[in-house]
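Engineer: There's a structure below that I have some questions on.
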Amino acid sequence: MLVSTRLLSLPFRFRQALIARLFAATLALLLMALPEPARAQASGDPTAPHTHPAARAIQFPDTADFLSLTCDFHMHTVFSDGSVWPTIRVQEALRDNLDCIAITEHIEYQPHKADIPHPDRNRAYDIATRAAQNSDLIVIAGSEITRSMPPGHSNAIFLTDANALLVDDARAAFEAAAGQGGFTFWNHPNWTAQRKDGVARLEPLHDALIADGLLSGIEVVNESTYSREALQIALDNNLTIIGTSDIHGLVDWDYHVPEGGHRPVTIVLATERSQEGIRQALVDRRTVVWHRNMLIGREQHVMPLVGASIRIKRAHYPGDTSVLRLEIENVSDAEFVLRNTSPYGFHKQGDLIMLPPHHTTVLDVKTLDRLENVRMTFELLSVVTAPGTHPVLELRVPVGE
């Protein structure tokens, strides 16, 4: 109270100077309390390494054979119909700990061209690439081919020049992308603006593009929607399964990240962390989609990821009981929902088991006899390998002391 009274008694300009000094001193103390990388970023050093807040970083373990790279291949900025500058897309990706993004502007649809005239459709990619140059984020060049149905909207990524896709004929745009080594996938095939019933279905033009190798993937997840019909189309036509945010506004707002939400991502199972490694994995269809805490993918791809995520920490019989204490650790960001299909019941839980992300769950299993090895099976309700199909997780548990 004495300090505030004396401060008010000073002339206005002196009060301003003293307050500025106090603010600078307080800020310096706060910066000194930060870890070194964060301190460098907060001080405005453009070469400082990026750090990712652990509370929101998207994390999935590598499998035995592949790296698990988190990717978002569909997003927009003010260079088409988005609301942010390309640097924001990079900053959001770094906060989410993504490995790769693609800025995919509508090359035909340019609602901001009166305010931001840009004859070069590669401009957003160029800005994003420069923004990411001091990080390990991979930025891929891409564009959205924006057409009425059919074929609807599609994304072409791994382009060398988006301007070459500005042609009148839709098929010619796909051919131009293929001529650059691009990988093209069908966007939101269930979009109600083009499919009033929300049901994805193929048209003859899609069949022709697939047969000619010009359409190689399909979004089974776009923004907030999941299409079981698109998943079936992917399985029936050997297409790569893709999930994207299609973000136009802010990731935090659209996906409620502060409240625990997350953007959809494609988990690419790659042999190396590079553009070529990601491209080859897409060509080989090695992908898993994470959406609303659901993992979607072919069984041969999703189950190794599940196996790497769920680990047995310890299994033992406490005291002289025949109730097995099983400690299961989930090291991924997904919360797994399991239904017990084993011959054993649980001492404390029902048959529906939740494995929260980055958490160890303890199960007391009534094996009736003290066993040296226990085989348990679970239906993975939060994992989808085909419409209405959930795979089975088998745990072979060696019992210790």
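Engineer: Place a +1 charge on the Cβ of each Lys and Arg in segment 97-145 and a -1 charge on the Cβ of each Asp and Glu, then give the dipole magnitude about the Cα centre in debye, rounded to the nearest 20.
Structural biologist: Magnitude of the dipole: close to 120 debye.
Engineer: Ok, one more. How charged is the neighbourhood of Gly243? Take every other residue with its Cβ under 11 Å from the Cβ of Gly243, and add Lys/Arg as +1 and Asp/Glu as -1.
Structural biologist: -2
Engineer: Assigning unit charges at the beta carbon (Lys, Arg +1; Asp, Glu -1) and nothing else, what dipole magnitude in debye, to the nearest 20, does segment 136-249 show about its Cα centre?
Structural biologist: 240
Engineer: Here's another thing I want to ask about it. Give me the Kirkwood hydrodynamic radius of segment 190-345 in Å, from all C-alpha pairs, to one decimal place?
Structural biologist: 18.2
Engineer: Now a separate question. Compute the orientation-averaged projected area for segment 79-157 from the convex hull of its Cα atoms and round it to one decimal in nm².
Structural biologist: Mean shadow area of the hull around the Cα atoms is 5.4 nm².
Engineer: Less than 16 Å apart at the alpha-carbon level, and either on another chain or at least 8 residues along: which lysines does that give for Lys348?
Structural biologist: Reachable lysines: Lys366.
Engineer: Can you return the aspartates and glutamates within cross-link range of Lys313? Criterion is Cα-Cα under 12 Å, with same-chain partners fewer than 8 residues away left out.
Structural biologist: Glu327, Glu329
Engineer: Next question, about the same structure. With runs of 4+ DSSP H residues as the only contributors, calculate the mean residue ellipticity of the chain at 222 nm using -39,500 (n - 2.57) per run, divided by the residue total and rounded to the nearest 500.
Structural biologist: Calculated from helices alone, the mean residue ellipticity at 222 nm is -8000 deg cm²/dmol.
Engineer: Let me know the charge dipole size of segment 67-292 about its Cα centre in debye, to the nearest 20, where only the beta-carbon of Lys, Arg (+1) and Asp, Glu (-1) is charged.
Structural biologist: 220
Engineer: Kirkwood hydrodynamic radius (Cα pairs, Å) of segment 285-401?
Structural biologist: 14.7
Engineer: Can you tally the net charge around Arg95? Count Lys and Arg as +1, Asp and Glu as -1, for every other residue whose Cβ sits under 9 Å from the Cβ of Arg95.
Structural biologist: -2
Engineer: A further question follows. Among (1) 27.7, 108; (2) 25.6, 85; (3) 20.7, 69, which one is Rg and Dmax of the Cα atoms in Å computed from these coordinates?
Structural biologist: Identified label for the calculated read-out: (2).
Engineer: In nm, to one decimal, how far is the Arg375 label point from the Asp320 one, both placed 7 Å along Cα→Cβ?
Structural biologist: 3.1
Engineer: Taking the Cα centre of the chain as the origin and placing charges on Cβ (Lys, Arg +1; Asp, Glu -1), which of Ala193, Asn155, Ile101 is farthest toward the positive end of the dipole?
Structural biologist: Positive-most Cα among the choices belongs to Ile101.
Engineer: What is the log10 of I(q)/I(0) for segment 67-292, computed with the Debye formula using one identical point scatterer on each Cα and no solvent, at q = 0.12, 0.15 Å⁻¹?
Structural biologist: Here the Debye-derived log intensity ratios amount to -0.58, -0.95.
Engineer: Can you pull out the GluC sites (Glu not before Pro) in segment 256-323 that DSSP calls coil and that have at most 16 other Cβ atoms within 10 Å?
Structural biologist: Loop-located and lightly packed - Glu272.
Engineer: For Gln300 and Arg273 in one chain, what is 0.36 nm times their gap in residues minus the Cα-Cα distance, to one decimal in nm?
Structural biologist: Result: 7.6 nm gained on full extension.
Engineer: With Cβ to Cβ distances under 13 Å as the rule, what net charge do the other residues near Ser332 carry (K, R +1; D, E -1)?
Structural biologist: Taking every Cβ under 13 Å from that of Ser332, the sum is -3.
Engineer: Ile140's amide H: which non-local residues (gap 5+, or another chain) put their own amide H closer than 5 Å, with H modeled 1.01 Å from N in plane and none for Pro or chain starts?
Structural biologist: For Ile140, whose amide H was placed from the backbone, the distant partners under 5 Å are Ile101, Ala102, Ile103.
Engineer: Gln349 to Asp168: extension gain in nm, 0.36 nm per residue of separation minus the Cα-Cα distance?
Structural biologist: Going from the current span to full extension adds 59.1 nm.
Engineer: Here's something else I'd like to know. In segment 60-84, whose amide N lies under 17 Å from the spot 7 Å out along Cα-to-Cβ of Asn134? List them in ranges.
Structural biologist: Hits in segment 60-84 for Asn134 at 17 Å: none.
Engineer: Please list the non-local residues whose amide H lies under 5 Å from the amide H of Glu335, H modeled 1.01 Å from N, same-chain partners needing a gap of 5 or more.
Structural biologist: Result for Glu335 returns nothing.
Engineer: Moving to a separate point now. Label-point separation (nm) for Thr192 and Ala57, each offset 7 Å from Cα along Cα-to-Cβ?
Structural biologist: 3.8
Values quoted throughout were computed directly from the atomic coordinates according to the rules given, and no laboratory measurement underlies them. In this text the structure is predicted, and so the values were computed from the model without any measurement. Ideal geometry is used to build each Cβ from the backbone, glycine not excepted, and the neighbour counts take in all protein chains shown.
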